[in-house]
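The values are calculated or read from the model by the stated rules, or taken from the named source; none is laboratory data. From a predicted model like this one, the values you see are computed outputs, not experimental measurements. Cβ placement follows ideal geometry from the backbone for every residue including glycine, while neighbour counts extend to all protein chains displayed.
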Amino acid sequence: MMSHEEFERANRRAAGLRSAKPVATAARYDRRLGRVVIRLNSGLDVAFSPRDAQGLQKATAAQLRDIEISPSGFGIYFPTLDVDIYLPALLEGFLGSRAWMAARLGGVGGKSRSAAKLSAARRNGRLGGRPKVIRDRGERRRGR
């Protein structure tokens with residue numbers, strides 16, 4: 001259980017963070033733009049596409065309509081989807097967990113169509129595709 005002193009220290013840290021970072025004062029889903037729009041206490045609006053945020057990728061407009069702001073102003077919550085977005089991370093460009101972001105980046109990298117990748121794919125295709133894995137005495141090696 002947290003002591004009174006620990007509770008007071010946590011409140012002081014939160015107050016310091018709140019004075020140093022922008023907080024959400026309003027949030028809404030703009031159906032016309034297809035974006036979640038967050039109004040900050042600085043007067044700026046920040047918007048992002050739900051398709052780019054973890055847990056919101058396949059959400060409908062009706063599911064995105066109800067948005068709650070945390071009491072601290074550092075989070076927005078979509079109750080119909082049970083999804084939280086942490087505002088300081090969002091402002092740094094993070095729209096999900098590290099693992100989720102890494103998977104998305106890996107998927108994008110795998111779709112790369114550089115000249116070198118296309119050339120290598122053509123060469124491999126002329127040779128019959130990827131080389132088969134040959135198992136020899138418990139070892140794995142590429143054959144050709």
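Data overview
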read-out	value
Residue within the stretch 28-42 that is out of contact with any His (no Cβ under 8 Å at 6 or more places or on another chain), among the polar types (S, T, N, Q) and under 26 Å from ALA99 (Cβ atoms) present	no
Tally of residues being surrounded by fewer than 16 Cβ atoms within 10 Å (Cβ to Cβ), touching a strand residue (DSSP E or B) at 6+ places or on another chain (Cβ under 9 Å) and outside any loop (DSSP other than H, G, I, E, B) across the stretch 47-65	3
Neighbours by Cβ (under 8 Å, 6+ apart or cross-chain): first from the stretch 39-68, in the same structural domain as ALA89 (by TED's automatic domain parsing) and over 11 Å from ARG28 (Cβ atoms); second outside any loop (DSSP other than H, G, I, E, B) and of a type in the set (Lys, Arg)	PHE48/ARG35; SER49/ARG35; PRO50/ARG35; GLN57/ARG51
Test for GLU68: is it surrounded by 11 or more Cβ atoms within 10 Å (Cβ to Cβ) and more than 25 Å from ALA99 (Cβ to Cβ)	yes
Whichever residue in the stretch 19-46 is hydrophobic (A, V, I, L, M, F, W, C) and exposed (fewer than 12 other Cβ atoms within 10 Å of the Cβ) and, among such residues, is nearest to the chain's Cα centre (by Cα)	LEU33
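Listed here are the residues, each with its yes/no results for (1) in contact with a strand residue (DSSP E or B) (Cβ under 7 Å, 6 or more places away or on another chain); (2) among the small types (Gly, Ala, Ser); (3) at pLDDT 75 or above; (4) not in a strand (DSSP E or B).
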| site | (1), (2), (3), (4) |
| --- | --- |
| PRO71 | no, no, yes, yes |
| TYR77 | yes, no, yes, no |
| ALA89 | no, yes, yes, yes |
| MET101 | no, no, no, yes |
